[in-house]
């Protein structure tokens, strides 16, 4: 089995891989309307790709204001710590960029995943794209994890 690697992605060069993963996870599996999944912020975001060999299996993005989003792993690779590796890469990149806080909107079922990395829930539950969510934050200067 090929090793898992996480790399910074180029939005234009890696668009097809990013698009394939997010379409599969968010649009097909979770029925997020495509017009809510794709936005102009992709152009300015730092994108990450998780790859097994040369096949992209997960992605995430980091916006300039410290907003983490679109973390997704293809179904067949879930439960193999791909999400952990992606999230750790985003946190490290945030530190390198001098960000002091990461923010995200998490699906409620995923809050425990983010809490393992030190994120804290900072809102009441709300519905976004038809799914229950909460806002979460992480102080990236704490050096945890």
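Brief remarks on what is shown
- Residue 36 vs. criteria under 22 Å from residue 134 (Cβ atoms), touching a residue at least 60 places away in the same chain (Cβ under 8 Å) and out of contact with any strand residue (DSSP E or B) (no Cβ under 6 Å at 6 or more places or on another chain): yes
- Entry remark, the range 1-10: residues being touching a helix residue (DSSP H, G or I) at 6+ places or on another chain (Cβ under 9 Å) and either modelled with pLDDT under 95 or surrounded by 13 or more Cβ atoms within 10 Å (Cβ to Cβ) (or both) number 5 in total.
- Hits in the range 98-122 - residues which are assigned to a loop (DSSP other than H, G, I, E, B) and within 22 Å of residue 64 (Cα to Cα): 98, 99, 100, 117, 118, 119, 122
- Among (1) out of contact with any helix residue (DSSP H, G or I) (no Cβ under 8 Å at 6 or more places or on another chain); (2) part of a strand (DSSP E or B); (3) within 20 Å of residue 105 (Cα to Cα), the one test that residue 35 misses: (2)
Condition check ((1) buried (at least 19 other Cβ atoms within 10 Å of the Cβ); (2) over 13 Å from residue 138 (Cα atoms); (3) at pLDDT 95 or above) across all residues:
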position	(1), (2), (3)
53	no, yes, no
61	yes, yes, yes
79	no, yes, no
82	yes, yes, yes
87	yes, no, yes
90	yes, no, yes
98	no, yes, no
103	no, no, yes
109	no, yes, no
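- Residues that are free of Cβ contacts under 8 Å to residues at least 12 places away in the same chain and either surrounded by fewer than 13 Cβ atoms within 10 Å (Cβ to Cβ) or in contact with a strand residue (DSSP E or B) (Cβ under 6 Å, 6 or more places away or on another chain) (or both), drawn from the range 11-33: 12, 13, 16, 28
The values are calculated or read from the model by the stated rules, or taken from the named source; none is laboratory data. Everything numeric in this text was worked out from a predicted model, so none of it was measured. Backbone-built Cβ (ideal geometry, glycine too); neighbour counts: all protein chains shown.
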